[in-house]
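Following: one structure in structure tokens, then a few remarks.
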Amino acid sequence: MRIYLRTTFAAITLFLLGFKMANAQDSLKVKEQSEKPDTVITAVQKLQSDIKILQKLKITGYVQAQYQIVDSAGVASFAGGNFGTGINNRFMIRRGRVKLTYNGGNFSKYVMEFDISEKGLAIKDMYAKFYDPWIQTFALTAGVFNRPFGYEIGVSSSVRESPERVRYSQTLFPLEREVGAQLTIQGSEESNWNFLKINLGMFNGNGPTPETDNKKDFIGHIGINKSNKNKSFKYGFGGSYYKGGVLQSTDNIYSISDNNGVPQFTAASISSAGSYKGKFANREYVGADAQLTVSTKMGSTSLTGEYIQGDQPGTASSSTSPLAITSGDTYLRKFNGGYLNFVQDFKGVPFSVIAKYDWYDPNTKVAGETINVANKFSAADITYRTLGLGLLYQYDHNIRLTGYYDIVNNETSANLPGFTNDLKDNVLTMRIQYKF
């Protein structure tokens with residue numbers, strides 16, 4: 001009997017112990033199962049948060065690889081930069097862009113764009129843009145971005161049909177960008193006033209480089225863009241104004257005067273001014289632009305044009321807007337320039353035909369034989385006219401091929417060495433662009 005009781009007690013004890021262990025394992029499993037969903041949910045939530053951030057970030061870019069041939073070696077060129085000494089043909093990466101755009105929602109955006117090529121790494125755009133959340137009409141942009149002057153400056157090089165911007169644009173607005181702040185006024189897409197856009201900006205005035213002269217330049221543009229209901233007829237036009245100055249490094253400032261019917265550069269008297277050094281020479285431009293696109297059964301026909309004129313302070317040898325403080329005397333010139341661009345797309349065919357004419361007269365007060373060294377004139381006073389003819393082939397959404405020929409003509413003068421004849425500086429450009 002005792003043996004039975006002992007056996008029964010041991011069996012009950014083992015059972016209870018086993019039950020307790022099993023119950024403990026079940027409790028552990030329940031605990032693990034209760035914790036596991038929390039861990040998964042946390043991980044999923046973190047993943048969703050990361051995805052939302054990535055969805056706000058957009059990466060785009062393009063690369064333009066090209067081959068060029070010029071009429072003579074070592075010439076100065078606005079078709080992608082001057083040719084080196086003894087060089088009349090070249091392969092080059094004209095642009096290699098990577099653009100990061102972070103969209104912070106309906107009210108902010110941050111943009112950063114780099115250019116990467118065999119010439120090195122350079123910042124092209126770096127700015128923040130803020131939109132008003134109330135009436136959705138105002139936007140503030142601050143940083144490095146395109147100058148709001150005219151039409152062509154703001155058109156991306158990946159979209160523009162001609163390989164380069166026109167000569168006067170590269171001369172007056174080198175590198176296209178500026179450091180500054182800009183207010184944009186434009187109604188929302190639902191607004192009846194969406195067709196009107198106004199840009200008003202204040203800039204350092206010396207391109208995408210650090211401030212050098214403590215003076216700010218104003219740039220403004222007013223544009224109108226409209227179309228019919230089916231978008232087969234689109235048109236736009238606008239006006240631009242630039243007001244700034246160039247710091248004078250010396251007391252010598254030259255302007256055009258008339259010497260018995262012969263124009264010449266003459267130094268201004270400093271008796272009344274006291275001193276010109278440290279003051280600012282007036283830099284002022286007025287421009288107009290227009291665009292027209294008509295779509296028919298044959299395809300799309302586009303016409304774009306601009307005109308600009310004004311006062312440009314320069315040096316004896318250049319009318320290019322300075323990116324840094326110049327050390328020479330100041331030469332004041334009145335200029336004008338413009339272009340007309342024609343593009344014909346063909347429906348159902350991936351080809352486009354381009355014809356573009358532009359001119360830049362850096363000194364409207366002189367022409368031809370009156371341009372001579374004796375009267376202090378130089379290559380900076382020579383007028384250039386360029387006719388560009390091209391063919392585009394849009395292989396697919398990413399790849400575009402361009403063949404383009406620049407026929408460049410310069411003003412000649414028997415009294416100016418180096419310009420007694422038209423320079424041999426026509427350029428053939430063959431480019432392949434990949435855009436993503």
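The figures follow:
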| item | result |
| --- | --- |
| Residue count for region 116-136, restricted to those that are surrounded by fewer than 13 Cβ atoms within 10 Å (Cβ to Cβ) and not in a strand (DSSP E or B) | 6 |
| Residue within region 244-255 that is on the phi < 0 side of the Ramachandran plot, open to solvent by 50 Å² or more (accessible area, probe 1.4 Å) and free of Cβ contacts under 8 Å to residues at least 12 places away in the same chain present | no |
| Total residues in region 348-363, condition open to solvent by less than 60 Å² (accessible area, probe 1.4 Å) and not aliphatic (A, V, I, L, M) | 8 |
| Every residue from region 298-327 that is under 14 Å from L247 (Cα atoms) and at pLDDT below 95 | P322, L323, A324, I325, T326, S327 |
| Which listed residue, of N260, N225, is at pLDDT below 95 and open to solvent by 60 Å² or more (accessible area, probe 1.4 Å) | N260 |
| Complete set of residues in region 161-203 that are touching a Lys or Arg at 6+ places or on another chain (Cβ under 7 Å) and open to solvent by 20 Å² or more (accessible area, probe 1.4 Å) | E176, Q186, F195, M202 |
| Selection count, region 409-429, where residues are in contact (Cβ under 8 Å) with a residue 40 or more places away in the chain and surrounded by 15 or more Cβ atoms within 10 Å (Cβ to Cβ) | 12 |
| Filtered residues of region 380-397 (kept if open to solvent by 50 Å² or more (accessible area, probe 1.4 Å) and either more than 20 Å from S162 (Cβ to Cβ) or in a strand (DSSP E or B) (or both)) | R385, L387, L389, L391, Y393, Q394, D396, H397 |
| Any chance Y307 is free of Cβ contacts under 8 Å to residues at least 60 places away in the same chain and under 27 Å from the mean Cα position of the chain (by Cα) | yes |
| Residue check, R400 open to solvent by 40 Å² or more (accessible area, probe 1.4 Å), in contact with a strand residue (DSSP E or B) (Cβ under 6 Å, 6 or more places away or on another chain), of a type in the set (D, E, K, R) and closer than 29 Å to R90 by Cα | no |
| Failed condition for S157, given (1) surrounded by 15 or more Cβ atoms within 10 Å (Cβ to Cβ); (2) in a strand (DSSP E or B) | (2) |
| Matching entry among E178, E164, E211, E190 (being in a loop (DSSP other than H, G, I, E, B) and at pLDDT 95 or above) | E164 |
| Flag for D251 being charged (D, E, K, R), in a strand (DSSP E or B) and modelled with pLDDT under 95 | no |
| Within region 106-115, tally of residues that are open to solvent by 90 Å² or more (accessible area, probe 1.4 Å) and either at pLDDT 95 or above or part of a strand (DSSP E or B) (or both) | 1 |
| Selection status of T85, of a type in the set (S, T, N, Q), loosely packed, with under 13 Cβ neighbours inside 10 Å and either free of Cβ contacts under 8 Å to residues at least 24 places away in the same chain or within 24 Å of E176 (Cα to Cα) (or both) | yes |
| Test: G143 is in contact (Cβ under 8 Å) with a residue 24 or more places away in the chain, outside any strand (DSSP E or B) and under 16 Å from the mean Cα position of the chain (by Cα) | no |
| Evaluation of N372 against (1) in contact with a strand residue (DSSP E or B) (Cβ under 6 Å, 6 or more places away or on another chain); (2) at pLDDT below 95; (3) surrounded by 18 or more Cβ atoms within 10 Å (Cβ to Cβ) (one fails), failing number | (1) |
| Selected residue (criterion: nearest to F265 (Cα to Cα)) from residues of region 342-396 that are touching a Pro at 6+ places or on another chain (Cβ under 8 Å) and aromatic (F, W, Y) | Y393 |
| Residue in region 297-304 that is in a helix (DSSP H, G or I), free of Cβ contacts under 8 Å to residues at least 60 places away in the same chain, over 28 Å from D213 (Cβ atoms) and open to solvent by 10 Å² or more (accessible area, probe 1.4 Å) present | no |
| Flag if S72 is touching a Lys or Arg at 6+ places or on another chain (Cβ under 8 Å) and open to solvent by less than 60 Å² (accessible area, probe 1.4 Å) | yes |
| First in region 217-242 and in contact (Cβ under 8 Å) with a residue 12 or more places away in the chain, second anywhere and surrounded by fewer than 18 Cβ atoms within 10 Å (Cβ to Cβ) and outside any strand (DSSP E or B), Cβ under 6 Å, 6 or more apart | I224/F195; N225/F195; K226/F195 |
| Region 394-419, residues that are of a type in the set (S, T, N, Q) and within 23 Å of A355 (Cα to Cα) | Q394, T402, N409, N410 |
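The values are calculated or read from the model by the stated rules, or taken from the named source; none is laboratory data. Here the structure is a predicted model, which is why all the values come from computation and not from measurement. Don't worry about glycine lacking a Cβ; one is built from the backbone with ideal geometry, like all the others, and counts go over all protein chains shown. These accessible areas exclude ligands, DNA and RNA; they are computed on the full protein's heavy atoms, side chains included. Shrake-Rupley method; radii C 1.70, N 1.55, O 1.52, S 1.80 Å.
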